[in-house]
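Everything below concerns the one structure shown next.
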Amino acid sequence: MSQWAEPGAWLDQLPWRNRNKLSQAKAQLPARTGSRRLQAIADLIAYEDVRRIYSFASSLRRVKVELANLLIHKGLVHQSLNDMPGALSACDQSLGILRSLGLEELEQFMATALENKGIIYLQLREPTEAMAYVDQAIKIRERLGNRGRHDLRSQLARAYYNQVSTFAQLGLWDTALILSDKCIEIRRQIIEETDVSAITTDMKREFAMAYLQRAGIDFADASEGEKNGTMTWVQANNRRMLTAPFYHIAIQILEPLVPPLVDSDGRIVPLEPEGQYGDLPDLLADAYVNKAALLIRIHDPRALQACDLAIISLQRLVIKLGKHELADRLAVAYENKAVFLQDYVGPTLPGLAMYGQNNHQEALLWFDKAAATYEALIKEEGKQQFLGDWARARLHRARTLMDTGNRDRGTTEAREAFPILQAVMANGGGADLQGVLDWAKEALGEVLQRST
C-alpha cells in the first residue's frame with residue numbers, strides 16, 4: 001500500500017442517524033488543493049478530524065475495525081511528509097486495536113500494519129527492527145496466500161518485496177535475490193492467470209517494480225563485491241551485465257502506461273491531466289536513469305540512447321510538470337551523459353562524431369547543465385546537501401575544459417571546486433564522494449597543488 005484513501009470517505013462507514021450531519025462533517029474537512037505536499041498536509045489535518053469523530057462511536061466493534069484501517073492510512077500520510085514518529089504512532093495504534101479484537105478475519109489488516117511499520121524502519125535505516133515486523137507480516141501473508149486468491153497472493157508478493165529491501169540493507173544479497181525471484185514469479189503468475197481485459201494498471205506497475213528491484217539488487221551486490229574484494233572487476237561487470245534484461249522488461253511494461261516522451265516533431269509530450277498517471281512517469285524515469293548508469297558502467301554504447309530517454313523523461317517531470325523535488329535526479333542524468341561522452345572509447349555512434357575533442361565539447365555542454373542544476377538547488381532552494389555533487393560535476397567539467405584546450409579556465413574551475421569537495425568530506429561526506437576526491441587528486445593533481 002502506497003496511497004491513502006481520501007479522508008472524507010471514512011465518514012461514510014460510520015452509522016449516521018442524520019445524513020445532514022454527515023454532509024456537515026464532510027464540508028468542514030480541509031480542501032485538498034495545491035501541491036502534493038499541501039494536499040498531504042490538508043489530508044493529515046482531515047484524518048485527525050475524522051479519527052476524533054470515530055472516537056465517539058468506537059465502542060462498536062465494526063467501527064473499531066474501520067478505525068484500525070483508518071489509522072493505517074493515516075500513517076501513510078505521515079510517511080509522505082517524512083514524519084516518521086507520527087507514522088509509527090499511527091501503526092502502533094492500529095496494531096493495538098487489531099490485537100484487542102483478536103479476529104482471524106482481520107489478519108489482512110494486521111499484516112498491512114506490520115508491513116507499514118517495517119517500511120518505516122527501513123526508511124529510518126534500521127533494517128534489524130524492520131525485519132522483525134516484515135517477518136511477522138510474511139508469515140500471515142504466506143498463510144493467507146495459500147488460499148489461492150489473486151488479491152491475497154498479490155499481498156504476499158508485496159510482503160516479499162518489502163523483505164527484499166530489508167535483507168539488502170543488511171547486506172544479505174543471496175537471500176534478497178531469492179525473495180526477489182519469488183516476488184517476480186507471483187507477479188508473473190497473476191498476470192498470466194488473469195484475462196487480458198481484466199489486467200489492471202496496478203498489476204502491471206507491481207510487476208515492473210519487482211523487476212526494477214531485482215535489477216537494483218544485482219547491481220548493488222556487484223558494486224559491494226567489487227568494493228570489498230570478493231569479486232574482481234571482471235566478475236562484478238559480468239554480474240552487472242545480467243541486470244540489463246531486468247531493466248528492459250520493466251521499461252517494456254511501463255512505457256505503454258504513460259504518454260510517449262516526444263511527439264512526431266520531437267517536442268516533449270506533457271502529462272495531462274496532472275496526476276492521472278500517478279507515480280508511473282517517475283518509475284519510468286528512474287528505470288531509464290538506472291539503466292543508463294548500468295550501461296555506462298559496462299561501457300555499452302547503448303548507454304547514449306538510455307541517457308537521452310532518462311533526460312527527456314525527467315525534463316518532462318521537472319520542467320514541464322514542476323516536480324522540482326526530482327531536479328537532483330535530472331542533474332544526475334545530465335552528468336551521466338557527460339561522463340559517457342567524455343570517457344567512451346569504441347565504435348562511432350549515430351549522430352555523434354565520437355572522435356576525441358568533438359566528444360569532449362558535447363560532454364562539456366552536459367556538465368554545464370548538471371553543474372547549473374546543482375547550483376540552483378543550492379543557491380535558490382538552500383539545499384546544501386548537494387554541495388558535494390556540485391563540486392563533483394565542476395571537477396569533471398574542469399577536466400573536460402583542459403581536454404578541449406581551455407587549460408586556464410579548467411584550472412580555475414578545479415581550484416574552486418576542489419576545496420568545496422574537501423569541506424564536504426571533512427563534514428562526513430559519503431564514500432562515493434571520497435572516490436571522486438581520490439580521482440581528482442590523481443587526474444588533476446598538478447593544477448590542484450596551489451589549492452591544497
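The values are calculated or read from the model by the stated rules, or taken from the named source; none is laboratory data. Here the structure is a predicted model, which means the values were calculated and not measured. Here the Cβ positions follow ideal geometry from the backbone for every residue, glycine too, while neighbour counts run over all protein chains shown.
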| task | May I ask you to verify whether R316 is of a type outside the set (S, T, Y) and without any contact (Cβ under 8 Å) to a residue 60 or more places away in the chain? | result | yes
| request: Say whether the condition of being assigned to a helix (DSSP H, G or I), touching a Ser or Thr at 6+ places or on another chain (Cβ under 6 Å) and of a type in the set (S, T, Y) is met by at least one residue in the stretch 279-295. | output: yes
| said: Can you pull out every residue in the stretch 81-108 that is closer than 21 Å to D43 by Cα and not acidic (D, E)? | reply: L81, N82, M84, P85, G86, A87, L88, S89, A90, C91, Q93, S94
| query | So which residues in the stretch 90-132 are out of contact with any Leu (no Cβ under 8 Å at 6 or more places or on another chain) and more than 21 Å from S80 (Cβ to Cβ)? | reply | G96, R99, S100, L101, G102, L103, E104, E105, A132
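Rundown of residues vs (1) part of a helix (DSSP H, G or I); (2) among the aliphatic types (A, V, I, L, M); (3) surrounded by fewer than 23 Cβ atoms within 10 Å (Cβ to Cβ); (4) at pLDDT 90 or above, yes/no style:
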{"residue": "N358", "(1), (2), (3), (4)": "yes, no, yes, no"}
{"residue": "E362", "(1), (2), (3), (4)": "yes, no, yes, no"}
{"residue": "L365", "(1), (2), (3), (4)": "yes, yes, yes, yes"}
{"residue": "K369", "(1), (2), (3), (4)": "yes, no, yes, yes"}
{"residue": "W390", "(1), (2), (3), (4)": "yes, no, no, yes"}
{"residue": "H396", "(1), (2), (3), (4)": "yes, no, no, yes"}
| remark: All conditions in (1) within 24 Å of the chain's Cα centre (by Cα); (2) closer than 25 Å to N162 by Cβ; (3) surrounded by 13 or more Cβ atoms within 10 Å (Cβ to Cβ); (4) free of Cβ contacts under 8 Å to residues at least 60 places away in the same chain are true of I41 except (2)
| remark: Reported set for the stretch 226-250 where residues are without any contact (Cβ under 8 Å) to a residue 40 or more places away in the chain, under 17 Å from A293 (Cα atoms) and outside any helix (DSSP H, G or I) is L242
| Is at least one residue of the stretch 292-301 under 16 Å from the mean Cα position of the chain (by Cα) and on the phi < 0 side of the Ramachandran plot? | yes
